[in-house]
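Below: one structure, written as structure tokens.
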Amino acid sequence: MKSCNTILRGTVISMDTDRRSYLNGYVAVEAGKIVGVGAAGECNFEGQETIGGDGHIVIPGLVNVHGHLVQGCIRGMADGTTFEERLFGFYYPMTGACDEERSYISSLPPILDLIRRGVTTTADDHFTHIHKRSIDGVLKAVRDAGMRCRMARLILSDPDNAPDGFREDLDVGLAETERIKAEWENDHTTVTASTIGITYCTPDEFKEIWQWTVDNDRQFDVHAPSVLDTRYLKERRGWERGSFEWMDHEGILGPNVIAAHAQNLRPGEADLISKCGAHIALVPDMEQVLGLVEFDARSFLDAGVTCGIGLDGPVVAYGHDLWTALRAFLTAQRLGDQHRKQMKDSDKQWTGYEMLFGSAELALELATIGGAKALNMDDKIGSLEVGKDADIVLIDRRGETQLSPPAALIPNLIYGNGPSAEAIARVMVRGETVVENGEHVTLDRLDAIRQSDTLQETLLDEVDARKFVRMRSPYNWVDA
Ligand SMILES: [Zn+2]
């Protein structure tokens, strides 16, 4: 028998290349690494601590490939507003008013949403730099939560797309990125430079930021097509084809590019993305909330494109729950498939032999090994394999009626929007326990909520955004 720090027992979903899954399995952890995975009967480890057992599920830590954590202070406020109202009415003003301390407070509840439900790695795009150290507040909150983060510092310079104060000279933005990289990069955190989308700076600046990511061996993370591409691409770039086609034309579209959303593409763009080796951050929950009936992930998956699943910012990612996004990935695709079918031949009869797109298992793959590959982190995380870092989630399903009985365990996990937070018995990042029995081991959840509530109240008055609260509500709200 070999000794190790911790043994986790239960149904082990490894997500290794062969997708080996053990109905009665174990994972052994030593010094932050996975040192053994397999059937319980073959376990030759003795743990200082053994957890789990009957009624438990062991999965790799989940990976959220797209987000904007600083938007915690405007959580859900997009509902009932137009794009223009929210972007310029409260979105830029409220997040822009967040200095380091406020950004910490603003991002903590969405970070707790993630980690208490088993998300151990998040990608974040930060683009509100009126206070240059706003991004430091987010990074500090991520660090205090013990999560992994791939942070992108986005530089905006276009006068029509970003209000005064949010625009930066490229030199300033890149120098700040270097500062943050030097101050914050460690085993948990990497920092890169990017911009929101191809119309948020000049083509030369866009290329220069991309070149920085190539020179620094980092990802280039853009929204593509971004909302404003449809408005400005032709006007600003004289370009009548797609956003991905433009990036390819400029020699930018390659393996270090990860593009968020990637919907409403032109014919052939998915194959182009595949050929160039770029990655896609699907954001199905938000697309569905915004009514995107054409959602399509299938064209990427069929073309062999590396895809992960992300949430986007809490202003539109209601609930900020990656499990909901996994369900949405399946439902959005199926609605999209149905929409496309009806647009083509509306009177084709249902036969009963149709297979719907995908499966709960596919969704869980995209949230684990898929997300790890999408962020170029699959050498370290994304699966339970010997030699990888011990980013592990232990679920105790003994009190979870929605997970009983267990024959369809993974479908019940995905379509049932995951386990409750209370059923998350343990979350480990590099072997360190960060969540135990549904609670973060060091962060005070009630205090995080109190501070976030107070911050929102302050910001609403400070930037005159209170008029957007319950703006079109048909209810009669009494405040006396
Ligand atoms: Zn986004």
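The values are calculated or read from the model by the stated rules, or taken from the named source; none is laboratory data. Predicted model only: the values in this text are computed from it and were never measured. Neighbour counts run over all protein chains shown; Cβ positions are idealised from the backbone, glycine included.
Of the residues making up region 139-166, those that are under 15 Å from the mean Cα position of the chain (by Cα) and not basic (K, R) are V142, M147, C149, M151, A152. Given the criteria among the aliphatic types (A, V, I, L, M), within 16 Å of the ligand (Cβ to nearest atom) and at pLDDT below 95, does A328 qualify? No, not satisfied. For A259, indicate whether it is crowded, with 20+ Cβ neighbours inside 10 Å and either within 24 Å of H126 (Cβ to Cβ) or aromatic (F, W, Y) (or both). So A259 passes the test. Every condition in (1) crowded, with 17+ Cβ neighbours inside 10 Å; (2) more than 19 Å from N417 (Cα to Cα) holds for Q349 except the one numbered (1).
Condition check ((1) touching a helix residue (DSSP H, G or I) at 6+ places or on another chain (Cβ under 7 Å); (2) more than 16 Å from the ligand (Cβ to nearest atom)) across all residues:
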{"residue": "I196", "(1), (2)": "no, no"}
{"residue": "Q211", "(1), (2)": "no, yes"}
{"residue": "L228", "(1), (2)": "no, no"}
{"residue": "R241", "(1), (2)": "no, yes"}
{"residue": "W246", "(1), (2)": "yes, yes"}
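Residues of region 183-192 being more than 16 Å from the ligand (Cβ to nearest atom), surrounded by 15 or more Cβ atoms within 10 Å (Cβ to Cβ) and not in a loop (DSSP other than H, G, I, E, B), which ones? Selection gives W184, T189, T190, V191. Within region 270-299, how many residues turn out to be closer than 17 Å to A372 by Cα and buried (at least 22 other Cβ atoms within 10 Å of the Cβ)? Result for region 270-299: 6. Only one of the numbered conditions (1) touching a helix residue (DSSP H, G or I) at 6+ places or on another chain (Cβ under 9 Å); (2) modelled with pLDDT of 95 or more; (3) not hydroxyl-bearing (S, T, Y) is not met by D79, and that is (2). The set of residues in region 207-226 being at pLDDT 95 or above and under 15 Å from E245 (Cα atoms) consists of K207, V222, H223, A224. Hey, any hits in region 258-278 for a residue that's within 30 Å of S107 (Cβ to Cβ), basic (K, R), in the same structural domain as S107 (by TED's automatic domain parsing) and out of contact with any strand residue (DSSP E or B) (no Cβ under 9 Å at 6 or more places or on another chain)? Checking region 258-278: not a single residue is within 30 Å of S107 (Cβ to Cβ), basic (K, R), in the same structural domain as S107 (by TED's automatic domain parsing) and out of contact with any strand residue (DSSP E or B) (no Cβ under 9 Å at 6 or more places or on another chain).
Listed residues A175, A152; which is under 18 Å from K207 (Cα atoms), modelled with pLDDT of 95 or more and touching a strand residue (DSSP E or B) at 6+ places or on another chain (Cβ under 8 Å)? Going through A175, A152 in turn, the sole match is A152. Restricting region 265-293 to residues that are acidic (D, E) and within 14 Å of the ligand (Cβ to nearest atom) leaves a set whose member that is nearest to L366 (Cα to Cα) is D285. Condition first: of a type in the set (A, V, I, L, M, F, W, C) and more than 17 Å from L375 (Cα to Cα). Now tell me which residues in region 173-195 satisfy that. Matches in region 173-195: L174, A175, I180, A182, W184. The residues on offer are R470, R426, and the sole one that is of a type in the set (K, R) and in contact with a strand residue (DSSP E or B) (Cβ under 7 Å, 6 or more places away or on another chain) is R426. For region 61-152, the helices (runs of 4 or more DSSP H) that sit wholly inside it and include 1 or more residues that are in contact with a Pro (Cβ under 8 Å, 6 or more places away or on another chain) and within 16 Å of the ligand (Cβ to nearest atom) are 92-96, 100-116.
For V35, the conditions (1) part of a helix (DSSP H, G or I); (2) surrounded by fewer than 21 Cβ atoms within 10 Å (Cβ to Cβ); (3) in contact with a Cys (Cβ under 9 Å, 6 or more places away or on another chain); (4) not basic (K, R) are fulfilled apart from (1).
For G313, the test of being within 30 Å of M94 (Cβ to Cβ) and either more than 16 Å from the ligand (Cβ to nearest atom) or not hydroxyl-bearing (S, T, Y) (or both) is passed.
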